[in-house]
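The values are calculated or read from the model by the stated rules, or taken from the named source; none is laboratory data. All of these numbers come straight from a predicted model, not from anything done at the bench. No Cβ is skipped: glycine too gets one built from the backbone with ideal geometry, and neighbour counts run over all protein chains shown. Accessible surface areas use protein heavy atoms only, side chains included; no ligands, DNA or RNA. Shrake-Rupley method; radii C 1.70, N 1.55, O 1.52, S 1.80 Å.
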Amino acid sequence: MRLKTILATAMVATGLISAGNALAQEKLTVWWVKGFYKAEDDALFDVIKKFEAKTNVKVELSQYPVQDTIPKTVAALDSKNPPDVAYSDVYDFQVTAKWAFDGKLEDLSDVLTPLKGNFTPNTIETTYLYNDVAKKRAYYAFPMKQQTMHIEYWKDMLAEAGLKQSDIPTKWADYWSFWCEKAQPAHRKATGKRTFGIGMPMGVDSTDSFYSFLTFADAYNVKMVDNNGKLMVDDPKTRAGLISAMRDYTSVYAKGCTPPSSTSWKDPDNNVAFHNRTTMMTHNATISIAAKWLDDANNPALSAEDRAKGKKAYYEDIVTAGFPSKPDGGKMIYRTAVKTGVVFTDSKNKARAKEFVQFFMNEINLTPYVEGSLGRWFPVTKVGQDSDFRNADVHRKAVHAQYAAGTVPFEFTKNYKFTVVNNENVWAKAMNRVINEKIPVDKAVDEMIARIKTIAGTN
């Protein structure tokens, strides 16, 4: 009996020790955006699993839809309880530079400076931000991947309208007129369906709407800040370019060539309209539209018929292309948005957070993660851009060609206050003033410029 008691006591003690060890295991809290595809999330899970095996640190991962990431992170910051590491596809547009300015981000220079040679131009530079608390610039975010603007259209819908790819004009005004005034009525006549030539994102809650509009502004050579971040919106040329861009952008709606609901679209909605063949063409800041069909083609949970449908759409029916030439005849140079992750100054485990970032930024982890998005994102590193994956099909080749021609950064990389401008989406608000309230374009643009000056001007 005494031996049994001793053994039982030993077993209980061993259990308590094991439980104590389990409770004592170091933890790292990571918040990450939910991927569009299973392959994207699986690649993230793989990196986390390898990091846990290497460090014996338990990664507590929470994933959120992209539209929830900023509100949840802001709430966590306000309560002084942020995650150790956080990544979202929209941090760069709306919050990263402001968080850096406000002193809320940890300096990651010790992690990123040794890796600088791995990156291509206009990538790591966009994370070199100013901290007004520390009164210095440093790498306050880590660059994961990037995106730029593309055109996506249905080649088979064009054929249904009795048109060919070679019929598509290359000049600016002719290009938009073709989809609106030629392709749309021809397709409606041939099919009897109420299709639209263009899917034009205009929702105030949409990053697509301001990215697309700013691409139109780029077509008119609009420059809103100088290299030091000083506003240039009072320049008559800037105002004239913004008016022309706004007139072109809103006229598509005025002519009835984009769905009426596009004024309230959120980011997924232009994709949905395209997938449903409500629109013949749309512009999108990734090739997620095409990649959705590739994901279907490779999805074992779908029927053979649906997989075949996905394969046909991706490889035969959908075209990824660049924009037409600028109104002045010049070639488009696209703005790139570098997607950023962060470590917060209030993070509880900053040492391990930096180790996790360094581990993730290793090419053997980063490149498979970016490729897990099926081409939706473009790499920020030389190795990633040179991989065979980037030239595996016509969609990825088209993206590669756009990047090979060079890129320019967003205004917020030079003036952090433009993250607030984008977050407020003054661009889409001006569009809706024109469309819904029938305000003249020049007046709406003047109101928009005044608001930009209020937000991003210097005292």
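Scanning segment 430-448 for residues that are part of a helix (DSSP H, G or I), more than 25 Å from Asp226 (Cβ to Cβ) and either among the β-branched types (Val, Ile, Thr) or open to solvent by 30 Å² or more (accessible area, probe 1.4 Å) (or both) returns Arg433, Val434, Ile435, Asn436, Val441, Lys443.
Only one entry of Gly330, Gly375, Gly384 meets the criterion of being under 18 Å from the mean Cα position of the chain (by Cα) and outside any helix (DSSP H, G or I), and that entry is Gly375.
Take Thr55 and tell me if it is at pLDDT 95 or above, closer than 30 Å to Val204 by Cα and either open to solvent by less than 40 Å² (accessible area, probe 1.4 Å) or among the charged types (D, E, K, R) (or both). Quick ask: steps written out before the conclusion?
Details: at pLDDT 95 or above: yes; closer than 30 Å to Val204 by Cα: no; either open to solvent by less than 40 Å² (accessible area, probe 1.4 Å) or among the charged types (D, E, K, R) (or both): yes.
No: the conditions fail for Thr55.
For segment 41-52: of the residues being within 16 Å of Gln358 (Cβ to Cβ) and not acidic (Asp, Glu), which is most open to solvent (accessible area, probe 1.4 Å)?
Filtering segment 41-52 for residues within 16 Å of Gln358 (Cβ to Cβ) gives 47-48, 50-52.
The next check asks that each one be not acidic (Asp, Glu); those that pass are 47-48, 50-51.
Working: Val47: 3, Ile48: 13, Lys50: 74, Phe51: 1 Å².
Ranking the qualifying residues of segment 41-52, first place goes to Lys50.
Reported count of residues in segment 182-215, each being closer than 12 Å to Tyr253 by Cα and outside any loop (DSSP other than H, G, I, E, B), is 4. Of all residues in segment 337-365, those satisfying the criterion of being surrounded by fewer than 24 Cβ atoms within 10 Å (Cβ to Cβ), in a helix (DSSP H, G or I), in contact (Cβ under 8 Å) with a residue 24 or more places away in the chain and not aromatic (Phe, Trp, Tyr) are Lys350, Arg352, Lys354, Glu355, Val357, Gln358, Glu363, Asn365. Every listed requirement among (1) closer than 18 Å to Pro236 by Cα; (2) surrounded by 20 or more Cβ atoms within 10 Å (Cβ to Cβ); (3) aliphatic (A, V, I, L, M) is met by Val421 save one, (1).
Residues in segment 197-225 that are over 20 Å from the mean Cα position of the chain (by Cα) and open to solvent by 10 Å² or more (accessible area, probe 1.4 Å): Tyr220, Asn221, Val222, Lys223.
For segment 110-128, check the following and say yes or no: at least one residue is more than 22 Å from Glu363 (Cα to Cα), surrounded by 15 or more Cβ atoms within 10 Å (Cβ to Cβ) and not hydroxyl-bearing (Ser, Thr, Tyr).
Restricting attention to segment 110-128, the residues satisfying the condition of being more than 22 Å from Glu363 (Cα to Cα) are none.
Looking for residues that are more than 22 Å from Glu363 (Cα to Cα), surrounded by 15 or more Cβ atoms within 10 Å (Cβ to Cβ) and not hydroxyl-bearing (Ser, Thr, Tyr), one finds none in segment 110-128, hence no.
Screening Glu305 on (1) modelled with pLDDT of 95 or more; (2) surrounded by 17 or more Cβ atoms within 10 Å (Cβ to Cβ) shows it passes everything except condition (2).
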